[in-house]
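Structure first, commentary second.
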């Protein structure tokens, strides 16, 4: 398809971005072109918008931002099998190589050579986006676009939460950003007996309760280790979902996991992290599992089921919605802390 | 049984120990009395002998030291079922409570209330030792006492190594103390395709090769990350058994584990440990498993099988043997670093 | 404790039972005596009541029947630790030996030497019951006795259902007797996306829907393979819980499980069962797991959590309640097929 | 590539096959053309050669037979990425669709739509074979072609055996055809404590011992249940690998698996199979796992490692080798029962 389209582009080595007219992407024979119906802003996009150290080191400009999307296929490359114009799809943002050991053993989310949509190549904050056919997910038609575009971040939460044994267990979610909030919903759907939500932001703790947390704890005003140990009869919790990216949060969390318990780590820490490995991990016999991305495609099937069935209701987490023209307001909402997910529509 | 016996006793708040005459222990109705046939010195015993900070904080004197043992039951308490005078036994050194959540769900090695033989109550470096009947393991009669007493430390290695998927995998053992050396033997028996042994002590690296390591790497003279990445075709290893207790060792190890790989942590670190959690654990999707003790009794069955069948030959690791009268030589051998396991016999 | 009590006793080699006065059981030093507060009738009791072939071959008369119970400890044997008069308890009906391989490796429910309460020794349909201390479970005080006595059969359902990966999955429950009905509740609590209940009894199918089944199918009036294949978009279900004890039910079930799916077998079949193993198991890569009893004590913890939290509401399944004097009505309700669980209280 | 080549072709609806000149296959843009270096005869080929009921129902003639192969790529289709002329490869015989649930969740070996090389389309008993690029496996250069072509059947054995916990366990292999024999080698490499080989053919039992079986039992002259129960101290074995395709073999095997044990089923049974499910599976808490094909590509990595490292030595199983011209002798050796694997080279 030829012509111009609008896109939110990172085009300077400084904070901010611009909405501008750019060429509609030209697909290769292995790609499809998607008409964008709804997108959402990820924390990664915010790093790029704010142009922090990570972004400055990683991003090559100019770049169209964004990777969380739902839309419709409008053009199909010549070597693509199984996809047609009109298909309603989302995109797995990791474009895996398909040939490394990880890709060939069911771990494509840990591909050694992956490239990320909206990070390593042009993304979805635009009227159209080009995507490799191998990265497409067929959306259930019952999911509205503003829910379907959230399958990427909900998928992170599903991957982290369902990597653990949740049913009948006690679960603590450390950090109630959007993925923490989604994880609360997933843990509730999977039958956790008790879910503790921990944050320092009261706005987010209120959403946490709507998502199914049985107890919301403000870590700024309570000794969370004491509170949880007392509430669990000094047993501790079975599962810690560490999503705070905060060194003290993680250290406290390890203290209140029970002996033999499990920890999922889905956080990026700004610096190295100091741990009391002997007392908090070795002697307690804990298992720590690093979580990144979503399993292709096991996580997508699970996420799709949870959203379609209504077992996880993301409406509480969607706090803002803007047209792309008003993207600056969207990023400001993200920076304020008083937000869940922000939807952008073309 | 009444009378006196010899015992190696920690009786002062300083380095060293004494061999002296003490009363033969009086059993309760839930105990048995065991005539000691062979024992071995653990790193824990060495901490107590050297009276380091850990020992000074933990140990109440006087205490008969030692917990690795094989011997024969000579007296049986009135409430003990299933054990008889003459039975050839070893002892699981963790006396678990039997009533906590962990004990009641197959995780007695992670009991919240356990007490340790030779640490919290009198141990095995003596002619006789009293043990709770619930801590007894029936030795296969084909195992000589000097092998049977090693089931405790070999069990640590079995628990750590067989907590991982080993067959056809590449395995790195970081730290070739006795448990590292036993782990090499276990990994070889379980069919690892390639085993890397890493240490800074050439004496131990030579034993590592006898135990089945395919390549022994001196971390003092090589960049172990480069060596292993190159040797694995830049894939990295599937499994890291971290037994060095060394912060740099662990950090290097995490670098050469492949994406999606696994780490068993069976080390005590003298201080807190600093890690690059984001890059080395989260993005790589690694799983870290803290290992302590031995599973009761799953690990003992496995250990017994490996030793009885000859699949793991511990004779290469037994470097010294002394009578208890010469125990000082035994501890000095342990302190020298030029030793594997040291056997003490009454 | 001395004196007489009432008990429902099997005392003849024919159908039926009698309520009579018998001696209160005398405990050994390893037992406790429990005052019975509530009991429920199991299918096993019905086999004995009806005196079928199984019962005639297995049961030694006279025998006090029953094994599902909740009550209070009123006497504690001299060698019992950790239990006191006044404790509110239920009983695991399998008295495991504690010394075989299975008992020592966390599989006591598969003990080679177990004896069953109310089958191999006097049971709970009485004012008092004697139980080995090792078989006691401490009830949460929030559970009423008529719920607490159901932890045994709900535990069967929990063991079967949570032996499978349930969250986000499609599950078919074949056979809606009480354990099938409880399993539906457990699968719903654990987040199954869709639950199919299958039976030929409309009364039970109605309860199935109250327990959380999304679709109830009368196998007498529908081709269940066609119905389920069509409803799943010709994928088939992820998990089959086979609780019908019916050869055709199992064969049909295997047809509608998807390739790579899982089957839990918690059924006793009156005769040998003929299967198309090649097409229905080998080529499809199915896994079939035989389920018996409850894991000690992992299943009890889970069951207790599900009942206490209200995640599984058993009130729909309790269809009848009688005093022990009216036990004949209870057994008749069981025989009618128009019943769920029948409660008997002293 | 144009021209003629020789091929072993099934061209009549009766037993036998012919060696004839046929056209070299024309590749599509998604295929490669492979020059065949070595092949081996599978039991499936023998069914076709003998033209039994299965073959008569399944096979469309004319068809070039065979699917076990090693060779060199000589032509690469225009849409193929990652493969070059000269690459040394083998072929996974299941051509999976890549789009069904199973394919998208790491279970491509259970694809609902697969087609089989040498069964559904022309195979490898020829000078050249056409293969979809998605089915290629890159051979380690250290493996000679006559070993590399065996990765398919050894892979079946690896998939079945390593689907179980083998290290330190007792394993019985029921049926010592080639896959049973390979499984013995895999179980030995993975550290089974004791391996029982069972067959009625002394020739095969002798090879079983060379592959690592500790005890070979002639089921025609012994009561295998009694022999194994006695030899295991009446515990039974941990793992049964059922590869006999014989109803009595399976029934006997279930009797001597210990409570809580595991069974892998990699057999095709000529008829329905009658089982005592209640006593032999449900009450014993056994798990039965149907095994078909090889995991793509996890099994291939493991198989490649076992063969390259020499941990499994297949030379004992290769009993015959012929040029393709003498293929009739190869099939006759297969039919005689006095054979292991038969190699055919162009």
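The values are calculated or read from the model by the stated rules, or taken from the named source; none is laboratory data. Just so we're clear, the structure is a prediction, and the values are computed from it rather than from any experiment. Neighbour counts are summed over all protein chains in view; Cβ atoms, including those assigned to glycine, are modelled from backbone coordinates with ideal geometry.
To keep it simple, each residue is scored yes or no on (1) at positive phi; (2) surrounded by fewer than 23 Cβ atoms within 10 Å (Cβ to Cβ); (3) assigned to a strand (DSSP E or B).
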| site | (1), (2), (3) |
| --- | --- |
| D:227 | no, yes, no |
| D:239 | no, no, yes |
| D:245 | yes, yes, no |
| D:250 | no, no, no |
| D:253 | no, no, no |
| D:260 | yes, yes, yes |
| D:267 | no, no, no |
| D:270 | no, yes, no |
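Within the range B:193-210, is even one residue more than 14 Å from every other protein chain (Cβ to nearest Cβ), within 17 Å of residue B:294 (Cα to Cα) and in contact with a strand residue (DSSP E or B) (Cβ under 7 Å, 6 or more places away or on another chain)?
no
Please go through the range C:237-261 and pick out each residue that is facing chain D (nearest Cβ under 10 Å) and in contact (Cβ under 8 Å) with a residue 40 or more places away in the chain.
Those that are facing chain D (nearest Cβ under 10 Å) and in contact (Cβ under 8 Å) with a residue 40 or more places away in the chain: C:238, C:242, C:245, C:250.
How many residues are under 17 Å from residue C:187 (Cα atoms) and not in a helix (DSSP H, G or I) if we restrict to the range A:168-198?
Qualifying residue count for the region: 6.
Residue C:185 versus (1) away from chain A (no Cβ under 12 Å); (2) farther than 20 Å from residue C:257 by Cβ: which is the lone unmet condition?
(1)
Go through the range B:298-319 and give me each residue that's facing another protein chain (nearest Cβ under 9 Å) and either crowded, with 24+ Cβ neighbours inside 10 Å or over 11 Å from residue D:193 (Cβ atoms) (or both).
The answer is B:298, B:300, B:302, B:303, B:304, B:306.
Out of all the residues in the range A:59-97, which are within 13 Å of chain D (Cβ to nearest Cβ), at positive phi and modelled with pLDDT of 95 or more?
Selection gives nothing.
Residues to consider are B:121, B:125; find the one that is crowded, with 24+ Cβ neighbours inside 10 Å and more than 14 Å from chain C (Cβ to nearest Cβ).
It is B:125.
Among the residues of the range A:148-161, write down those that are touching a helix residue (DSSP H, G or I) at 6+ places or on another chain (Cβ under 6 Å) and either assigned to a loop (DSSP other than H, G, I, E, B) or surrounded by fewer than 24 Cβ atoms within 10 Å (Cβ to Cβ) (or both).
A:150, A:156 - these are the residues of the range A:148-161 that are touching a helix residue (DSSP H, G or I) at 6+ places or on another chain (Cβ under 6 Å) and either assigned to a loop (DSSP other than H, G, I, E, B) or surrounded by fewer than 24 Cβ atoms within 10 Å (Cβ to Cβ) (or both).
Whether any residue in the range D:165-174 is under 19 Å from residue D:300 (Cα atoms), within 14 Å of chain C (Cβ to nearest Cβ) and touching a strand residue (DSSP E or B) at 6+ places or on another chain (Cβ under 6 Å) is what I want to check.
no
What number of residues within the range D:98-115 satisfy the criterion of being in a loop (DSSP other than H, G, I, E, B), buried (at least 18 other Cβ atoms within 10 Å of the Cβ) and within 13 Å of chain A (Cβ to nearest Cβ)?
Here the count works out to 4.
Return yes or no: is residue B:282 in contact with a helix residue (DSSP H, G or I) (Cβ under 9 Å, 6 or more places away or on another chain) and either surrounded by 19 or more Cβ atoms within 10 Å (Cβ to Cβ) or at the interface with chain A (Cβ under 10 Å from one of its Cβ atoms) (or both)?
No, not satisfied.
Within the range D:325-341, is even one residue in a helix (DSSP H, G or I), within 28 Å of residue D:167 (Cα to Cα), at pLDDT 95 or above and more than 9 Å from every other protein chain (Cβ to nearest Cβ)?
no
What is the one condition in (1) at pLDDT below 95; (2) closer than 19 Å to residue D:169 by Cβ that residue D:240 does not satisfy?
(1)
Exactly one of these conditions fails for residue B:293: (1) facing chain A (nearest Cβ under 10 Å); (2) closer than 28 Å to residue A:243 by Cα; (3) touching a residue at least 40 places away in the same chain (Cβ under 8 Å); (4) surrounded by 23 or more Cβ atoms within 10 Å (Cβ to Cβ). Give me its number.
For residue B:293, the failing item is (2).
Tally time: how many residues in the range A:128-140 are within 12 Å of chain D (Cβ to nearest Cβ) and outside any strand (DSSP E or B)?
Qualifying residue count, the range A:128-140: 2.
Could you identify the single residue in C:141, C:105 that is over 30 Å from residue A:303 (Cβ atoms), more than 17 Å from the chain's Cα centre (by Cα) and in contact (Cβ under 8 Å) with a residue 24 or more places away in the chain?
Result of the check over C:141, C:105: C:141.
Just need a number here: residues in the range A:72-97 that are surrounded by fewer than 19 Cβ atoms within 10 Å (Cβ to Cβ) and in a strand (DSSP E or B).
Number of matching residues: 4.
Quick one: residue C:165 ticks every box in (1) buried (at least 22 other Cβ atoms within 10 Å of the Cβ); (2) not in a strand (DSSP E or B) except a single one, so which number is it?
So residue C:165 meets the others, but not (1).
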